[in-house]
Amino acid sequence: MIKSILRSEGVSLQAYAARFGATLFEQLPKLRELLIHELASVDNDTLRLNDEGLTWSDTIGPWLYSETTVRQMQAYEFA
């Protein structure tokens, strides 16, 4: 999901629901904040970052990491 949202073509809401059986915003409610902060929009059934959102994509990606992923990254020991 993170890779898809960070690409300029965005994510089809209908395709997401068909594939995962729930809406994108039900499963990833944080994405609503991108709309609230005007970093993304929904046009023609597709959630896309706007120019400002793409500018912040290096921050948005890690912000979307799950708690499990963050814990695993913190526990990882580099050799």
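Summary of computed values
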read-out: Single condition VAL11 does not satisfy, out of (1) touching a strand residue (DSSP E or B) at 6+ places or on another chain (Cβ under 6 Å); (2) exposed (fewer than 13 other Cβ atoms within 10 Å of the Cβ); value: (2)
read-out: Elements of type helices (runs of 4 or more DSSP H) in the chain, at least 3 residues being aliphatic (A, V, I, L, M); value: 13-20, 31-36, 67-75
read-out: Test: residue in the stretch 60-70 that is at negative phi, surrounded by 11 or more Cβ atoms within 10 Å (Cβ to Cβ) and more than 15 Å from the chain's Cα centre (by Cα); value: yes
read-out: Residue tally, condition among the polar types (S, T, N, Q) and touching a Gly at 6+ places or on another chain (Cβ under 8 Å), over the stretch 20-66; value: 1
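Throughout, read-outs are computed from the coordinates displayed, never taken from laboratory work. Everything numeric in this text was worked out from a predicted model, so none of it was measured. Quick reminder, even Gly has a Cβ in these numbers, built from the backbone with ideal geometry, and neighbours come from all protein chains shown.
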